[in-house]
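Everything on this sheet refers to the single structure shown next.
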Amino acid sequence: MSKLILCNARILTLAQHAAGPRRGEAMRELGVIERGFVVMQRGLIEAVGSGEVPPEHEGAQDDIVDVEGRVVMPAFTDCHTHACFVGERYDETAMRLAGTDYLSILAAGGGIMSTVRAVRGATHDQLVESIRTHLRQMRTTGTAHVEIKSGYGLERAAELKMLAAIAEVAQHDLGFIAGTFLGAHAIDGPEDAYTTAVIDEMLPAVVARHGPIACDVYCEKSAWPRDAARRLFERAKTLGCPLRAHVDQFNELGFLDDALALGARTVDHLEASSDAALSRVAQSSAIAVLLPGCGLTLDLRFANGRALLDAGAGVAIATNFNPGSSPMTSMPLTIALAARFYRMTHAEAINAACWNSACALGLEKKTGSIEVGKRADLIVLPTTDERALAYEWGAVTPISTYLGGELLDCSDIWC
């Protein structure tokens with residue numbers, strides 16, 4: 001089988017020398033090879049190094065691409081999305097522009113619940129096609145791997161329908177698609193009855209069908225209260241599920257400490273977290289997943305990313321793609337937002353979008369860096385300087401994207 005070789009490249013290897021997410025000074029390390037090559041074969045990285053391609057890695061039938069000094073780096077991992085949905089919320093945009101806040105829209109039956117109604121009425125095939133459409137959009141901006149949550153079903157049959165659609169797409173996709181159970185996205189009906197049903201019936205049914213899938217909860221006013229969220233996590237932990245939490249988006253309700261105590265893999269949002277709470281996150285093993293698309297869309301409130309980084313937290317960034325609070329699919333735009341509103345350096349933002357985001361999904365042994373033996377998940381930027389990602393507003397999109405060593409046509413949204 002012929003090899004695919006990229007040469008004359010500025011390579012950001014993000015080569016990792018310690019296990020787990022990067023923290024502190026390591027967030028500023030990109031493992032740069034100023035001028036080098038990457039050899040891909042059978043979907044994996046066979047060699048990476050500086051200078052010319054060694055003769056032992058070349059063959060007469062090899063495809064060799066001179067990238068003319070452009071940046072070659074790991075493809076992005078979007079570790080927090082709600083990409084399984086149908087319908088739109090254009091009317092809610094008008095309401096927000098008129099001054100109605102998000103929680104008021106939710107309380108009036110809009111927000112999450114409007115999408116719940118659309119998803120409940122959708123077929124399995126419609127959900128599959130919606131995911132694939134969203135993935136095609138993500139791939140045009142260099143995203144290889146995506147976490148997709150349920151949470152727009154809020155009843156057993158609809159949640160299982162969503163997770164089945166996510167699993168079908170994952171089975172045939174070139175990248176990693178990680179499903180997450182988010183039956184605790186909102187409360188549909190009497191609070192005690194609904195939360196009990198999710199904990200005692202829906203979660204066990206999901207695990208019986210999909211194994212110990214990641215379990216998420218949205219703890220917030222007008223969503224899940226702290227006590228119920230804690231009980232859900234305690235049950236999920238006994239079932240072997242990795243724990244993820246939407247926490248402190250609008251209000252600091254105390255559940256962040258519960259999530260940390262129960263060993264949550266990630267704590268996401270944190271816009272309302274106090275400095276003391278952020279310090280506790282930094283001292284924990286949890287990865288802080290920051291979602292600037294929400295602040296951009298809703299209220300211009302952003303987590304204190306600089307405080308988290310300076311305290312030594314493992315920080316990842318993601319689009320939080322969804323039809324209401326973050327209708328964006330671009331990781332380059334997420335990097336630009338992170339640089340401005342979290343005060344991340346360009347290197348920190350790149351590590352947060354590639355390595356730490358892969359760690360958030362447990363994929364760091366397979367992807368997230370350019371190292372021998374890992375998957376050949378790479379992007380070629382149209383620039384010779386990676387700082388353009390943070391400098392421009394989402395305009396630096398790849399001229400080439402490789403997933404498992406296969407070249408995608410990113411000039412076409414239907415790639």
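Coordinate-derived values only; no laboratory data. Predicted model, so just to flag it, every value in this text is computed and none were measured. When we count neighbours, we look across all protein chains shown, and the Cβ atoms used for this are built from the backbone with ideal geometry, even at glycine.
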### Summary
Here, SER274 and ARG156, labelled 7 Å along Cα→Cβ, have an inter-label distance in nm of 4.1
### Task
Rounded to whole Hz and in sequence order, give me ³J(HN,Hα) for the range 116-128 from the Karplus expression 6.51 cos²θ - 1.76 cosθ + 1.60, θ = phi - 60°, writing x for Gly and Pro.
4, 4, 5, 5, 4, x, 8, 8, 3, 5, 5, 5, 4
### Message
Below 8 Å between Cα atoms, with a sequence gap of 6+, how large is the relative contact order for the range 128-184 in percent?
### Response
43
### Query
In whole Å, what is the distance between the alpha-carbon centres of the range 318-332 and the range 152-195?
18
### Query
Relative contact order for the chain: what is it in percent, counting Cα pairs under 8 Å that are at least 6 residues apart?
21
### Summary
Once amide hydrogens are built 1.01 Å from N within the peptide plane, the residues lying 5 or more places from LEU154 or on another chain with amide H under 5 Å from its amide H are GLU159
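Which percent of the Cα-Cα distances in the chain go past 32 Å? Let's see the in-between values first.
On the way: 28054 of 85905 pairs.
I get 33 percent for the Cα pairs in the chain exceeding 32 Å.
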### Query
Which ³J(HN,Hα) values in Hz, rounded to whole numbers, follow from the phi angles of the range 279-293 under the Karplus curve 6.51 cos²θ - 1.76 cosθ + 1.60, where θ = phi - 60° and Gly and Pro get x?
5, 5, 4, 4, 7, 9, 8, 5, 8, 7, 9, 9, 10, x, x
#### Entry: Estimated distance in nm for a label pair at THR100 and GLU58, the labels positioned 7 Å out from Cα along Cα-to-Cβ
6.5
### Message
Suppose we keep just the DSSP beta bridges with both residues in the chain; what percent of those would be antiparallel, to 5?
### Response
40
### Task
List, in order, the whole-Hz ³J(HN,Hα) value for each residue of the range 307-317 obtained from phi through the Karplus relation with A = 6.51, B = -1.76, C = 1.60 and θ = phi - 60°; use x for Gly and Pro.
5, 4, 5, 5, 7, x, 6, x, 10, 10, 10
### Task
Output the relative contact order of the range 11-96, whole-number percent, from Cα pairs under 8 angstrom with separation of 6+ residues.
26
### Built amide H within the under 5 Å cut-off of ILE317, gap 5+
LEU290, ALA353, SER357
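Sum -39500 (n - 2.57) across every DSSP H segment of at least 4 residues in the chain, then divide by the residue count to get the 222 nm mean residue ellipticity, nearest 500. Don't skip to the end; give the middle numbers.
Numbers: 16 runs with 140 residues, N = 415.
Value at 222 nm, helices only, nearest 500: -9500 deg cm²/dmol.
Which order, highest average first, do 52-59, 286-293 follow once you tally other Cβ atoms within 10 Å for each residue and take the mean per peptide?
Values: 52-59: 12.6, 286-293: 27.2.
The densest-packed peptide leads the list: 286-293, 52-59.
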### Message
Running a GNM on the chain with Cα contacts under 10 Å, which residue among ASP216, ASP377, ASP101 ends up with the highest mean-square fluctuation?
### Response
ASP101
### Task
State the number of lysine pairs found in the chain whose Cα atoms come within less than 20 Å, restricting to pairs 8 or more positions apart or on distinct chains.
6
### Task
List TYR90, TYR152 from most exposed to least, where exposure is judged by having the fewest other Cβ atoms within 10 Å.
TYR90, TYR152
### Query
Can you give me the Cα centroid spacing of the range 90-144 and the range 227-248 in angstrom?
24
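Below 10 angstrom from the Cβ of LYS3, what's the summed charge of the other residues (Lys, Arg +1; Asp, Glu -1)?
Numbers: positive: ARG42; negative: GLU46, GLU58, ASP62, ASP63.
Summing Lys and Arg as +1 and Asp and Glu as -1 gives -3.
Net charge near ALA83, counting Lys/Arg +1 and Asp/Glu -1 over other residues with Cβ under 13 Å of its Cβ? Each step should come with its number before you reach the end.
Numbers: positive: ARG132, ARG136, ARG139, LYS149; negative: ASP78, GLU129, GLU147, ASP173.
Here the charged neighbours net out to 0.
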### Message
For VAL86, what residues show an amide H to amide H distance below 5 Å, using hydrogens built from the backbone and excluding near sequence neighbours?
### Response
VAL119
